[in-house]
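Structure, as C-alpha cells:
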Amino acid sequence: MRHLSYLYLLIASIFQTTANAQTLRGQVVDSLTRLPIAYANIGALGKNAGTVSDETGKFELELNAFAPTDTLRISMIGYSTKDYILESIQPSGADILFSLSERAYVLEEIIVKPSNATNLILGLAEESCYPIPFFKGARSQIAIPANTLGQEIGTHFTNKSGLLKLDSVQLNFARCQYDTVTFRVNIYSISKTGMQNVLKKGVYVSLSKDQILNSPTIDMCNEDVFLDSDFAITIENIKNSGGLG
C-alpha cells in the first residue's frame, strides 16, 4: 500500500507540475455531425474557474487552479453533460476533441383546460435594480460581460402562483461602455434537489449601446418556458466584447 500511495502521489505531483505550466486547449463538437458547438460551458465542479467555447467550439483553460482529481464538466443547452477526471486528460500543444450528444427530451402527458390567463409582472422597479452575483464568486458591483467567460448575474424569483408561462424578460443596466454587447439568457428552475436550466436551446442576445440603456425587453414567447417552482433568470458572458455596469 505504501508503494501504491507513493506512486499516486508521484503521478499527482507530475500532473500538478505540468498543469501549472500548461493550458488545456480543446474543441467541443457534436458527436454525430462533428460540427463545432459554440458557447459550451467548460469548468471544474466546485471551483470558481471556467470558460466558454468560442464560435468554432474551441477553448483554452488554465490548469493551475485545478487538482488532478478534479472533475472537468462540459455542458451545453440541448446536449447531455459530460464529466472527465482531469488526470485522465493529457494536455498537449494540439486541441483535444470533446464530443457532446444531443439530449432527447421525453415530454410528459399534459391535460389542456380552458382558463383565463392572468398577466403577472415580477421583479423590481427600474430604479431599484442592481446586478446580483449568481455564480463563480461574483461580487455585488461586478460588470457583465467581464473578462471571465461563463460568468452569470441574475435574480432569484419566488413563485407562489403555480404554473407560469414566461413571455418576456426586461433587463435594466446602469451604464454601457461598448457599442455592442452579446450574452446568453438562462432560465433555471429551483427546487430542493438543485437548479436545472429549463431552456431547450440557447437564447443569445446582441444589443447596441442605445438598446442597453433603454431597459431592453427580451421576447421569450417562442421558447415555451413553463415554470411551476421558484426560478432564476440570469445573463451569461459568452464573449469578451466589453463591460456593463
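The values are calculated or read from the model by the stated rules, or taken from the named source; none is laboratory data. Note that the coordinates shown come from a computational prediction; the quantities given were computed from them, not determined experimentally. Reconstructed Cβ throughout: ideal geometry from the backbone, glycine too, with neighbour counts over all protein chains shown. Calculation scope for accessible area: heavy atoms of the full protein, side chains included, ligands and nucleic acids excluded. Shrake-Rupley method; radii C 1.70, N 1.55, O 1.52, S 1.80 Å.
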Please go through the stretch 53-71 and give me each residue that is within 14 Å of the chain's Cα centre (by Cα) and within 20 Å of GLN90 (Cα to Cα), ordered by number.
SER53
Looking at (1) without any contact (Cβ under 8 Å) to a residue 60 or more places away in the chain; (2) within 22 Å of the chain's Cα centre (by Cα), can you tell me which one LEU149 breaks?
(1)
Which one of ASN172, ASN186, ASN237 is buried (at least 17 other Cβ atoms within 10 Å of the Cβ), under 15 Å from the mean Cα position of the chain (by Cα), more than 15 Å from HIS156 (Cα to Cα) and touching a residue at least 24 places away in the same chain (Cβ under 8 Å)?
ASN237
With respect to THR158, determine if the residue is within 19 Å of the chain's Cα centre (by Cα) and surrounded by fewer than 17 Cβ atoms within 10 Å (Cβ to Cβ).
no
Can you confirm whether the stretch 197-211 contains a residue that is open to solvent by 60 Å² or more (accessible area, probe 1.4 Å), free of Cβ contacts under 8 Å to residues at least 24 places away in the same chain and not hydrophobic (A, V, I, L, M, F, W, C)?
yes
